Amino acid sequence: MTIAVWAPSSDFPNSGQFIVETLLSFTQQHPGRKFFMLTDTEWDDIFPENTGNIVLKSQPENALLKKIWWDVRLPGVLRKIKADYFISFENRCSLAISIPQAILIQPTDKIKPSFIKKARLIFVPGESIKRQLKEKYQVEDQKIAVIRPFAARHFKAADDKEKDHIRSTYSDGKEFFLCSSFFSRNEDLIELLKSFSHFKKRQQSSFNLLLLTASNSLIEKSLSSYKYRSDIKLIKTKNDLAAITAAAYAVLVPFDSNDDMFTALNSMRSGVPVIAKRNAVISEVAGDAVLYAEDEVKDVGDKMMQLYKDETYRSLLIEKGRSLAAVLTPEKTAEHLWQSIMKGLP
């Protein structure tokens, strides 16, 4: 069997790493199969000998040209490599090929019913998304497989010396909260700043807030009159994200994005507690290993104070998080991926 996989580069660093590590384990576990990784960028030579890499030109933004890419260009490539099965790590598949297809769905609001109908198998990161597909699109239970996310291997706990170095480099030597979530709206930043203000007013501490985001006009405008501007640090590079995460006092996941679960698990593997917005996917996977905040801005600040005041509870969250991250592995996810594919074949 020859399996082709479409794995485009991702704007979300954590889910992109999830795809790479899953596929690496996937190909290593089945040396007798042939795999082709179809990507829009050249990957490092990390895959075994049974894996080829084909770089395809990035999809055009124009809707018609994108359809041509999926239903003309892609089928031609699959025929050339004689693929028997196609896996798409994107919220869509091709409507013009006859071989079985599997797709990974994360946000259900961005998937078209025609793709759901065409796919032989649908992978989702949680039971809540599976329920949405069954209720909204009447998808059969056996057509959906839940594959659990996991923490990236390069995230790990840091010792005191390493933490001190990161603090001296990024937060003027002070303790800090970290938010590495993707800011999809300027309102998200405003709400986060209000939460941090609530914490600072109540605690009068020297804590910083580190934001993984490049500066732009909207961010500069939001920060220009912010009372605690000197305690906000913008981190433009993703290269040190693992080290910065390991040095954080806590990681904030106050939004509802595709990357939330990966951000939370990476933090847990790093020995750092997580404050997250309560949503179905995170609570389903993380359970009581995460401190949940409700939608109110004030509640995020209250949870920051709770960790600051209760070191015993903070330590408990760290231990629960480490235990959870240890049992969710790329090997288990890759094996479940394979079993689901085999089960779905005639």
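Of LYS130/LYS303; LYS236/LYS320; LYS194/LYS309; LYS238/LYS320; LYS110/LYS136, which pairs sit farther than 23 Å apart, going by alpha carbon to alpha carbon? Violating the 23 Å limit, Cα to Cα: LYS130/LYS303; LYS236/LYS320; LYS238/LYS320.
Computed from the alpha carbon positions, the gyration tensor of the chain leads to an equivalent ellipsoid with semi-axes of 38, 21, 20 Å, biggest first. In the chain, taking the dipole from charged Cβ atoms about the Cα centre, the farthest positive-side position among SER283, HIS30, TRP70 is held by TRP70. Computed from point charges on the beta carbon alone (+1 for Lys and Arg, -1 for Asp and Glu), the dipole magnitude for the chain about its Cα centre is near 760 Debye. Charging the Cβ of each Asp and Glu at -1 and of each Lys and Arg at +1, and nothing else, the dipole of the range 160-327 about its Cα centre rounds to 480 debye. The range 262-299 and the range 72-116 have their alpha-carbon centroids 32 Å apart. Subtracting the Cα-Cα distance of LYS156 and LEU56 from their residue separation scaled by 0.36 nm leaves 32.6 nm. On alpha-carbon atoms, Rg over Rh for the range 98-144 using Kirkwood Rh? Rg divided by Rh gives 0.91. Between 0 and 90 degrees, rounded to the nearest ten: what's the tilt of helix 127-137 against the longest Cα principal axis of the chain? Computed tilt is about 50 degrees.
Here the Karplus relation 6.51 cos²θ - 1.76 cosθ + 1.60, evaluated at θ = phi - 60°, turns the backbone of the range 336-346 into coupling constants of 5, 4, 5, 4, 5, 5, 5, 5, x, 7, x Hz, with x for every Gly and Pro. Per-residue ellipticity at 222 nm, computed for the chain from helices alone with -39500 (n - 2.57) per DSSP H run of at least four residues, works out to -13500 deg cm²/dmol. Efficiency by 1/(1 + (r/R0)^6): what FRET value for GLU331 and SER225, r their Cβ-Cβ distance, R0 = 41 Å, to the nearest 0.05? Efficiency, from the Cβ-Cβ distance: 0.25.
Computed from the Cβ-Cβ distance with R0 of 45 Å, the FRET efficiency linking GLU296 to LYS82 stands at 0.20.
Contact order, relative form, for the range 1-149: 19 percent (alpha carbon pairs under 8 Å, 6 or more residues apart, mean separation divided by residue count). When the Cα positions of ALA157, LEU212, PHE89 are compared along the charge dipole of the chain, PHE89 comes out farthest toward the positive end, with charges on each C-beta of Lys, Arg, Asp and Glu. Taking a sphere under 14 Å around the Cβ of LEU265 and counting the other residues whose Cβ falls inside, with K and R at +1 and D and E at -1, yields a net charge of +3.
Spatial offset of the range 2-65 relative to the range 122-194 amounts to 22 Å, using the alpha carbon center of each.
Cross-link partners of LYS156 among aspartates and glutamates, defined as those whose alpha carbon lies under 15 angstrom from its own and excluding same-chain residues fewer than eight positions apart: ASP240, GLU319. If the segment from GLU135 to GLU284 were pulled out straight at 0.36 nm per residue, it would be longer than the present Cα-Cα gap by 51.8 nm. Diffusion coefficient of the range 160-327 by Stokes-Einstein, Kirkwood radius over Cα pairs, 4 °C, 1.567 mPa s: 82 µm²/s.
Compare the peptides 119-131, 90-102 by average per-residue count of other Cβ atoms within 10 angstrom and give them in order, highest first.
By packing density, highest mean first, the sequence is 119-131, 90-102.
For the Cα atoms of the chain, what angle does the longest principal axis make with the long axis of helix 13-29, in degrees from 0 to 90, nearest 10? Orientation of helix 13-29: about 40 degrees from the principal axis.
Bear in mind that the values in this text are calculations on the coordinates, not laboratory data. Remember, predicted model here, so these are calculated numbers, not experimental data. Note that we place each Cβ from the backbone using ideal geometry, even for glycine, and neighbour counts take in every protein chain shown.
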